[in-house]
Each structure stands twice: as structure tokens, then as C-alpha cells.
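The values are calculated or read from the model by the stated rules, or taken from the named source; none is laboratory data. What you see is a predicted model, and the numbers here were worked out from it, not measured in a lab. Counting neighbours? That spans all protein chains shown, and the Cβs are built from the backbone with ideal geometry, glycine included.
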Amino acid sequence: MGRLTRIALVLVLALASAVTAFVAGAALGAAFLVAPDSGLAGPAEVIGYGLLAALVAAVVTLAAAPRLGTRRLGLVTLAASAIAMLLSTGLVLRYLDAEASRAGSDPQALPSPRTPVATGAEPGCGEMAPDPTQGEDPACRE
């Protein structure tokens, strides 16, 4: 293998290990380090732990990869890429499942086609057609 191929393998390995470490760091941070009552700061902290883990993994990978032989580097890169791809696919499927169940169980989860666009008037008083399920508002009669 040429030098350019080896550099490409090291970079792919660093990216794959960073993705894997991000998922692991975020999961561990969410489970053990972020307080349940942290409010809106909780997700930011979880992302911070994930980014910190990804940075450490990428640096360690970039430091250790040149010591591997070419054949072993290719195998490790293939394995790390497969793990990163499986984790990414699992997270996407989990997100899609959560969105589908949320939209199916709560009709208010999706935006209503009758959401008012004007902020000054009450809904149904002239800026849009009134919602037939709400009945007619007597304050809107002329």
C-alpha cells in the first residue's frame, strides 16, 4: 500500500473511532454525569461529554495508528467503520421510531394546518377559516 492509502486509512479510523466515542461518551454522560433536573442545560452537557470523548478518541487513534502494520491498520479501520456505521444506523432508527410513536399518540405533536400566522388577532376572527371543531366564537360576529 502506498503512503496516501495509509494516510487515508488512518483518517477514516480516526473518524470512525470519534463517532463511536461520541456515542459512548454521550450515553455515559447522560446516564451518570448529567442531573435529571438540569433543564435545558442537560442536553448541552451530554453533547459536551460526547465531543470530549470524540476528541480524546481521535487524538489517541492518530497517535497509535502509525504504529500498526498496514494489514492490521486496514482490518482495524474496517472493524471500527462497521461499528460506527451500526451505531449511527441504530441511532437513526431509534429517532425515527420515537418520532413515529410521538406523532401517533399525540395529535398535538404535529403542527396543525390551522395554526394562525398573525399574532394580533384571535384564531378564527378573520385571518383564517375557523376550526369547525371549536364552534363559532361569538366575539367574532359582526
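Residue-level check: of (1) surrounded by 15 or more Cβ atoms within 10 Å (Cβ to Cβ); (2) part of a loop (DSSP other than H, G, I, E, B), Leu52 misses just (2).
Among the residues examined, Ala98 does not qualify as under 16 Å from Val12 (Cα atoms) and either of a type in the set (Lys, Arg) or assigned to a helix (DSSP H, G or I) (or both). Residues that are part of a helix (DSSP H, G or I), modelled with pLDDT under 90 and more than 22 Å from Leu9 (Cβ to Cβ) do occur in segment 108-122, at least one of them. Answer with yes or no whether Arg67 is at pLDDT 90 or above and either surrounded by 13 or more Cβ atoms within 10 Å (Cβ to Cβ) or over 22 Å from Phe22 (Cβ atoms) (or both). So Arg67 fits the description; yes.
Of the residues making up segment 86-100, at least one is at pLDDT below 95, exposed (fewer than 12 other Cβ atoms within 10 Å of the Cβ) and farther than 23 Å from Ala24 by Cα.
Does segment 4-20 include one or more residues that are surrounded by 13 or more Cβ atoms within 10 Å (Cβ to Cβ), of a type in the set (A, V, I, L, M), under 19 Å from Gly90 (Cα atoms) and more than 16 Å from the chain's Cα centre (by Cα)? So far as segment 4-20 goes, yes, one or more of its residues are surrounded by 13 or more Cβ atoms within 10 Å (Cβ to Cβ), of a type in the set (A, V, I, L, M), under 19 Å from Gly90 (Cα atoms) and more than 16 Å from the chain's Cα centre (by Cα). Residues of segment 22-35 that are assigned to a helix (DSSP H, G or I) and more than 14 Å from Leu91 (Cβ to Cβ): Leu28, Gly29, Ala31, Phe32, Leu33.
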